[in-house]
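The values are calculated or read from the model by the stated rules, or taken from the named source; none is laboratory data. Because the structure is a prediction, the values reported are computed rather than measured. So basically every Cβ, Gly included, is an ideal-geometry build from the backbone, and we count neighbours across all protein chains shown.
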Amino acid sequence: MTPEEAYSLRLITDVRVTEIGLIHVETWMNRDDYASALFLNGRKITRGLNEWGPLYLQGKLYYVRSEREKSHLVMQENFGEPAELLSLGKVSYPALKGGASCFITPPCP
């Protein structure tokens, strides 16, 4: 496999079967960095700004949008604009259960 072929691959993760269909995350190389977006039934539904950890709960889509030093919990309703619920330091993994949020972050120095 050539470097060009390797960099053209897309990795599919975070596959979820929901009441509205199949949600997954696709990750790819974008210039010199990674990018990821959420897909619903094979169609891209976010902007590709390093989004991951999708959860569809009570008619709303929750996910994490990561930047270099910050992570944002985002909520999006059907046909609505994404709304940032909170920002934290780098988030490792989100867990949303029954409307309550819990984040696992690296320990503070």
- Message: Can you confirm whether LEU49 is hydrophobic (A, V, I, L, M, F, W, C), outside any loop (DSSP other than H, G, I, E, B), closer than 30 Å to GLU5 by Cα and in contact with a strand residue (DSSP E or B) (Cβ under 7 Å, 6 or more places away or on another chain)?
- Response: no
Taking first residues from the range 65-91 that are at positive phi and second residues anywhere that are small (Gly, Ala, Ser) and not in a strand (DSSP E or B), the pairs with Cβ under 7 Å that are 6 or more apart or on different chains are none
Please tell me if THR27 is outside any strand (DSSP E or B) and either modelled with pLDDT of 90 or more or hydroxyl-bearing (Ser, Thr, Tyr) (or both). no
